[in-house]
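**Q** One structure, pasted below without further comment.
The values are calculated or read from the model by the stated rules, or taken from the named source; none is laboratory data. All figures in this text were calculated on a predicted structure; none of them were measured in a lab. When we count neighbours, we look across all protein chains shown, and the Cβ atoms used for this are built from the backbone with ideal geometry, even at glycine.
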Amino acid sequence: MNKPKVTVIGSINMDMVTTTPRVPNQGETIIGEAFQTAFGGKGANQAVAAARLGADVTMIGRVGDDAFGRLLLEGLQKEGIHTSSVVAVEKESSGVATILLSEKDNRIIVTPGANHYVDQAYLEAYRSTIKESDLVLVQLEIPLDAVDYAMNICQEEGVPVMLNPAPAQTLSLETYKQATYLTPNESEYNELFLTLDDQLKDKLIVTQGSNGVKWMEQGIEKWVAGHQVNVVDTTGAGDTFNGALAVAIARKEPLENAVLFANAAAALSVQAFGAQMGMPTEEHVHRFLKEAGGR
């Protein structure tokens with residue numbers, strides 16, 4: 001069976017992760033427990049998830065001409081992701097995410113760096129790549145006008161597009177309507193879509209962490225419960241969900257099956273440290289679902 005072609009347009013970052021027993025108060029210095037760097041960025045994370053779960057993935061994004069950029073590019077290539085559309089920006093740093101892990105949750109500051117250079121002209125140069133995709137996946141860690149432009153290209157070329165509106169930033173209703181699927185978490189839904197639900201309800205797939213996922217299908221509200229697992233690090237769970245959902249939808253699976261698959265992948269991802277380290281393979285997800293009785 002041919003692999004579905006998923007193109008991810010988005011950010012590529014180096015995550016700098018500090019584990020601490022608690023978050024310091026303003027002006028306070030505390031001693032952390034551990035420090036680690038890991039490959040990240042919502043775009044790259046979702047690309048890795050999709051690649052591990054069986055898609056033929058192309059990444060469209062930018063890195064800096066620095067040591068981080070070279071490592072990030074190498075990391076994508078090791079996952080089998082096509083990177084000819086990831087071009088380094090001269091005299092610019094790669095994107096960095098500063099992550100604090102405490103009490104099994106995270107707080108994140110993103111410094112975009114080279115991600116700012118994913119602009120309209122850059123996307124237009126890769127229109128043919130977008131056109132050949134079975135599905136395009138976009139997030140909001142690149143300039144918002146580039147997100148709008150990516151959505152326009154997908155609409156013009158008749159390519160399904162999934163918009164993960166994270167981190168939460170307001171786009172126009174017209175842009176939201178261009179999405180085939182919108183995948184906010186509960187917080188993003190409350191901030192961005194609560195008043196627009198009636199106009200977008202057939203596009204919305206809302207993740208609720210350990211409480212599962214809800215969506216509307218043919219006018220019927222549906223919900224799938226979360227899985228009870230040993231949580232080590234929630235970083236990247238949403239990205240895993242989006243990458244997995246993109247793969248299943250690109251394979252033309254029924255939406256409910258796609259959500260079940262993505263929900264299981266996200267549950268597996270939180271059982272290891274780092275955004276990408278815990279991302280499962282397709283075989284791993286199917287085995288997990290079988291053991292969970294298909295939930």
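**Q** Give GLY43, GLY61 a once-over and let me know the one that is crowded, with 24+ Cβ neighbours inside 10 Å, among the small types (Gly, Ala, Ser) and either touching a Leu at 6+ places or on another chain (Cβ under 6 Å) or in a strand (DSSP E or B) (or both).
**A** Going through GLY43, GLY61 in turn, the sole match is GLY61.
**Q** Let me ask another. Mind checking which residues of segment 90-129 are over 24 Å from GLY64 (Cβ atoms), modelled with pLDDT of 95 or more and not polar (S, T, N, Q)?
**A** Correct list: ARG127 only.
**Q** So GLN228 ticks every box in (1) without any contact (Cβ under 8 Å) to a residue 60 or more places away in the chain; (2) within 22 Å of PRO165 (Cα to Cα) but one. Which box is left unticked?
**A** (2)
**Q** Something else about it: On the basis of being of a type in the set (Val, Ile, Thr), surrounded by fewer than 23 Cβ atoms within 10 Å (Cβ to Cβ), in contact (Cβ under 8 Å) with a residue 24 or more places away in the chain and not in a strand (DSSP E or B), does THR129 make the cut?
**A** So THR129 fits the description; yes.
**Q** What residue, among those in segment 133-152 that are of a type in the set (Asp, Glu) and not in a helix (DSSP H, G or I), is surrounded by the most Cβ atoms within 10 Å (Cβ to Cβ)?
**A** Step by step, filter segment 133-152, then rank; the result is GLU141.
**Q** Given the conditions (1) of a type in the set (D, E, K, R); (2) more than 16 Å from the chain's Cα centre (by Cα); (3) assigned to a helix (DSSP H, G or I), which single one is not true for GLU253?
**A** It fails just one condition, (3).
**Q** Right, something else. Conditions first: (1) among the basic types (Lys, Arg); (2) farther than 14 Å from GLY43 by Cβ; (3) in a strand (DSSP E or B). ARG70 passes all but one, so which condition is the exception?
**A** The failed condition is (3).
**Q** Using beta carbons and a limit of 9 Å, which pairs, at least six apart or on different chains, have the first residue in segment 252-278 and more than 17 Å from VAL229 (Cα to Cα) and the second one assigned to a loop (DSSP other than H, G, I, E, B) and not aliphatic (A, V, I, L, M)?
**A** Every condition considered, the pairs that remain are LYS252/PRO4; LYS252/ASP134; ALA258/ARG251; GLN276/GLU79; GLN276/GLY236.
**Q** Same structure, new question: Looking only at segment 132-157, which residues are of a type in the set (D, E, K, R) and over 16 Å from SER84 (Cα atoms)?
**A** Residues satisfying the conditions are ASP134, GLU141, ASP145, ASP148, GLU156, GLU157.
**Q** Which ones in segment 1-35 are out of contact with any Pro (no Cβ under 6 Å at 6 or more places or on another chain) and aliphatic (A, V, I, L, M)?
**A** MET1, VAL6, VAL8, ILE9, ILE12, MET14, MET16, VAL17, VAL23, ILE31, ALA34
**Q** Of the residues THR175, THR207, which single one is farther than 18 Å from ILE249 by Cα and among the polar types (S, T, N, Q)?
**A** That would be THR175, the only listed residue that is farther than 18 Å from ILE249 by Cα and among the polar types (S, T, N, Q).
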